[in-house]
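Here's the structure, in structure tokens; my notes come after.
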Amino acid sequence: MSDTLSLLDLLPEQSVQVDASADDWRTAIRLAGEGLIRSGAATAEYSDEMIATVEQLGPYIVIAPGLALAHSRPSPAVRRTGLSWVSLRTPVRFGHQDNDPVRVVVGLAATDHSRHTAALGGLAQLLGAPGRLEELLTAPDAATVRRLIGSFEPEVQS
């Protein structure tokens, strides 16, 4: 078995939600958590852990203009490493001075630190490409989000 995972391996179609509605950052994180739950990557408790992380540490998860990476530490609530993707119909504020409001919340559940770091690296490569985030933001459905990610397809070493 290979130790290489692709972003598409980590992000099944049932983990992607486009044009979602959230009234606040907590709801946006819960939507990302729901994607992780649907794919079997995490349990409902992980959503609570992701929200608690922001409550304790602040909005550092808003890592770029319009983009939040919702995550928490590896825990028993994580069943396997996985990602979720939520693009929001109306951006929400997380309280970040420079990068608010958020238009996309990527959920990350990782079983250990090395998989967490590897998944982050793959996401950074994907979203660092000029125009890639905007292209993903305008995707009309989950299949298109996955197709766009697959056309880039960095591999994640675990």
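No value in this document is a laboratory result; all are computed from the given coordinates. Since the model is a prediction, treat every value here as computed from it, not as a measurement. Please note: Cβ atoms are built from the backbone with ideal geometry, for glycine as well, and neighbour counts cover all protein chains shown.
Can you compute the FRET efficiency between GLU134 and ARG80 using 1/(1 + (r/R0)^6), with r the Cβ-Cβ distance and R0 = 30 Å? Round to the nearest 0.05.
Values: r = 30 Å, r/R0 = 1.01.
Using R0 = 30 Å, I get an efficiency of 0.50.
Add -39500 (n - 2.57) for each DSSP H run of 4 or more in the chain, then divide by its residues: what number comes out at 222 nm, to the nearest 500 deg cm²/dmol? Don't skip to the answer; put the middle values down first.
Working: 6 runs with 65 residues, N = 158.
When only DSSP H runs of four or more count, the value is -12500 deg cm²/dmol.
Using +1 at the C-beta of Lys and Arg and -1 at the C-beta of Asp and Glu, which of TYR46, ALA20, ILE149 has the Cα lying farthest in the positive direction of the dipole of region 1-154?
Going by the Cα projections, it comes out as ILE149.
What does the charge dipole of the chain about its Cα centre add up to, to the nearest 20 debye, if the Cβ of each Lys and Arg holds +1 and the Cβ of each Asp and Glu holds -1? Mind showing how you got there, number by number?
Working: 13 positive and 19 negative charges, 17 e Å.
Here the chain has a charge dipole of around 80 debye.
Given that just one value was derived from the coordinates, which of (i) 20.1; (ii) 15.1; (iii) 16.7 is Kirkwood radius over Cα pairs in Å?
Among (i) 20.1; (ii) 15.1; (iii) 16.7, the one calculated here is (ii).
State, to one decimal in nm, how far the label point of ASP141 lies from the label point of GLU55, with both points 7 Å from Cα in the Cβ direction.
Calculated label separation equals 3.8 nm.
In whole percent, what relative contact order does the chain give with Cα contacts below 8 Å and a gap of six or more residues? Walk me through the numbers on the way to the answer.
Values: 314 pairs, mean separation 49.9, N = 158.
The normalised contact order for the chain reaches 32 percent.
Which one of VAL106, ILE63, LEU36 has its Cα pushed farthest toward the positive end of the charge dipole of region 4-157, where Lys and Arg give +1 and Asp and Glu give -1 at the Cβ?
LEU36
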